[in-house]
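Below is one structure, written out as structure tokens; the observations come after it.
Please treat every number below as a calculation from the coordinates, not as lab data. In this text the structure is predicted, and so the values were computed from the model without any measurement. Please note: Cβ atoms are built from the backbone with ideal geometry, for glycine as well, and neighbour counts cover all protein chains shown.
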Amino acid sequence: NAGVTQTPKFRILKIGQSMTLQCTQDMNHNYMYWYRQDPGMGLKLIYYSVGAGITDKGEVPNGYNVSRSTTEDFPLRLELAAPSQTSVYFCASSSLGVSNYGYTFGSGTRLTVV
Amino acid sequence: DAKTTQPTSMDCAEGRAANLPCNHSTISGNEYVYWYRQIHSQGPQYIIHGLKNNETNEMASLIITEDRKSSTLILPHATLRDTAVYYCIVRVRLGRDDKIIFGKGTRLHILP
């Protein structure tokens with residue numbers, strides 16, 4: 001049982017480049033989330049999804065796009081990378097229900113834009 | 001979602017109980033109190049949650065006041081590995097609005 005898997009773990013982008021951060025979960029969770037964490041700061045919600053085909057903006061969605069074509073995958077797309085997007089990105093998943101123990105987080109993707 | 005207020009940092013001696021307070025004075029009746037922690041740069045880890053009753057699991061205890069306006073996370077015998085940032089969050093577990101907004105948390109230092 002892998003939980004939430006994020007790839008890549010590290011990436012350096014040049015300004016203006018694009019990339020997709022991958023997130024997949026094998027727990028059949030309906031809810032998935034993307035957060036970013038700047039150095040020394042708390043987590044900010046970028047986008048979230050309550051099921052396949054449904055996505056919603058979080059606190060800081062500008063500069064990002066998401067899609068949710070399957071229950072398992074929730075990729076985060078960066079278009080025209082900017083230095084302000086240098087951050088650690090965490091994906092999480094959750095399932096409502098009696099046995100809901102909260103969010104399960106991935107190990108993060110550390111992104112540097114230069 | 002209700003907002004929470006936590007101290008910025010706290011110290012606790014190794015082997016003692018660590019008591020982390022959280023104020024959530026505007027909490028609504030359908031909002032749960034959740035605690036997470038983040039060790040160094042790892043992804044946050046779920047600790048415990050509750051609605052109005054006190055809760056205990058293998059990691060910690062959660063004490064919620066009767067008026068639900070504040071709570072305390074208790075780590076009964078703190079170890080050096082408990083050094084982390086602890087986040088207190090209130091969350092509505094309701095359909096499309098189920099999301100967690102993180103605050104700044106409390107940085108807990110366990111002293112040897």
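A few notes on this one:
- Distance in nm between pseudo-label sites at A:Lys44 and B:Arg107 (7 Å out along the Cβ direction from Cα): 2.0 nm
- Lys/Arg +1, Asp/Glu -1 at C-beta; the protein assembly as shown dipole; positive extreme among A:Thr86, B:Asn54, A:Gly102: A:Thr86
- Using C-alpha pairs below 8 Å separated by at least 6 residues, the relative contact order for chain B is 36 percent.
- Cross-link table B:Lys52/B:Lys104; A:Lys44/B:Lys104; A:Lys14/B:Lys104; B:Lys3/B:Lys99, entries beyond 18 Å C-alpha to C-alpha: B:Lys52/B:Lys104; A:Lys14/B:Lys104
- Note on B:Asp67/A:Ser107: beta-carbon distance plugged into 1/(1 + (r/R0)^6) with R0 of 45 Å gives a FRET efficiency of 0.70.
- Taking chain B as a whole, the Cys residues whose C-beta sits 4.7 Å or farther from every other Cys C-beta are B:Cys12.
- Gaussian network model of chain A, springs between alpha carbon atoms under 10 Å - residue of A:Gly53, A:Gly42, A:Gly16 with greatest fluctuation: A:Gly42
- For peptide B:24-33, the mean count of partner chain Cβ atoms within 10 Å of a residue's Cβ comes to 0.
- Selected from B:His77, B:His49, B:His40 as most flexible by GNM, with chain B as the system and alpha-carbon contacts under 10 Å: B:His40
- The charge dipole of chain B, taken about the Cα centre with unit charges on the Cβ atoms of Lys, Arg (+1) and Asp, Glu (-1), comes to about 260 debye, rounded to the nearest 20.
- Using θ = phi - 60° in the Karplus curve 6.51 cos²θ - 1.76 cosθ + 1.60, the 3J(HN,Hα) couplings for the stretch A:7-24 round to 9, x, 7, 9, 7, 10, 10, 8, 4, x, 6, 10, 7, 10, 8, 9, 9, 9 Hz; x is entered for Gly and Pro.
- Arranged from fewest to most other beta-carbon atoms within 10 Å of their beta carbon, B:Ile100, B:Ile39 become B:Ile39, B:Ile100.
- The protein assembly as shown, dipole about Cα centre (Lys/Arg Cβ +1, Asp/Glu Cβ -1), debye to the nearest 20: 480 debye
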